[in-house]
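Enquirer: First the structure, then my questions, so here it is.
The values are calculated or read from the model by the stated rules, or taken from the named source; none is laboratory data. Only a predicted model underlies this, so the values are computations on that prediction, with no experimental measurement involved. Positions of Cβ are backbone-derived with ideal geometry, glycine not excepted, and every protein chain shown enters the neighbour counts.
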Amino acid sequence: MIKWQCSVCGYIHDGDEAPDKCPKCGAPKEKFIKMEEQAASLVERARFSNNLHMELLTLMERAKEICDKGIKDELDPGCVAVFKTSMAAAHEVQQKVKAELKTHMNKGKWG
Ligand SMILES: [Zn+2]
């Protein structure tokens, strides 16, 4: 799909034409630059991976909520131990995802 990037804030618009103004910063249509086809396809590729990362981040948040309930339930020490180690593992996954997304952003693999 054809993409236009706001030269002021970096917002990427999908469409045959640039928007009348930037939805993020309000810059006028003239501030949008049509992305090269290869750059636009890299954006599509990065979106897919970034979405997977964000889905994993959300899923781990849900896992932490479940672990928290299990820890508070305190049925027995074995249960609590499983929930505590799982909580730590979910948090570690989240931190790894965030670090990876940060490298994507630094490399411009975002949009
Ligand atoms: Zn903008």
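Enquirer: Does residue 2 fit the bill of being more than 16 Å from the ligand (Cβ to nearest atom) and of a type in the set (A, V, I, L, M)?
Expert: For residue 2, the condition - more than 16 Å from the ligand (Cβ to nearest atom) and of a type in the set (A, V, I, L, M) - is met.
Enquirer: Still on this structure: Residue by residue through the range 21-44, note down the ones that are surrounded by 13 or more Cβ atoms within 10 Å (Cβ to Cβ), part of a loop (DSSP other than H, G, I, E, B) and more than 8 Å from the ligand (Cβ to nearest atom).
Expert: 35
Enquirer: Quickly run through the range 8-20 and pick out the residues that are modelled with pLDDT of 95 or more and near the ligand (Cβ under 8 Å from one of its atoms).
Expert: Answer for the range 8-20, where residues must be modelled with pLDDT of 95 or more and near the ligand (Cβ under 8 Å from one of its atoms): 8, 9, 11.
Enquirer: Test residue 92 against the criterion of being more than 19 Å from residue 111 (Cα to Cα), modelled with pLDDT of 95 or more and within 16 Å of the ligand (Cβ to nearest atom), and give yes or no.
Expert: no
Enquirer: Further question: Please work out if residue 17 is more than 15 Å from residue 97 (Cβ to Cβ) and acidic (Asp, Glu).
Expert: yes
Enquirer: Please tell me if residue 23 is outside the structural domain of residue 107 (by TED's automatic domain parsing) and within 23 Å of residue 101 (Cβ to Cβ).
Expert: So residue 23 fits the description; yes.
Enquirer: Suppose the filter is surrounded by 16 or more Cβ atoms within 10 Å (Cβ to Cβ) and more than 20 Å from residue 97 (Cβ to Cβ); does residue 9 pass it?
Expert: Answer is no for this residue.
Enquirer: To continue, here is another question. Residue by residue through the range 45-89, note down the ones that are in contact (Cβ under 8 Å) with a residue 24 or more places away in the chain, loosely packed, with under 15 Cβ neighbours inside 10 Å and farther than 28 Å from residue 5 by Cα.
Expert: Within the range 45-89, 61 is the sole residue that qualifies.
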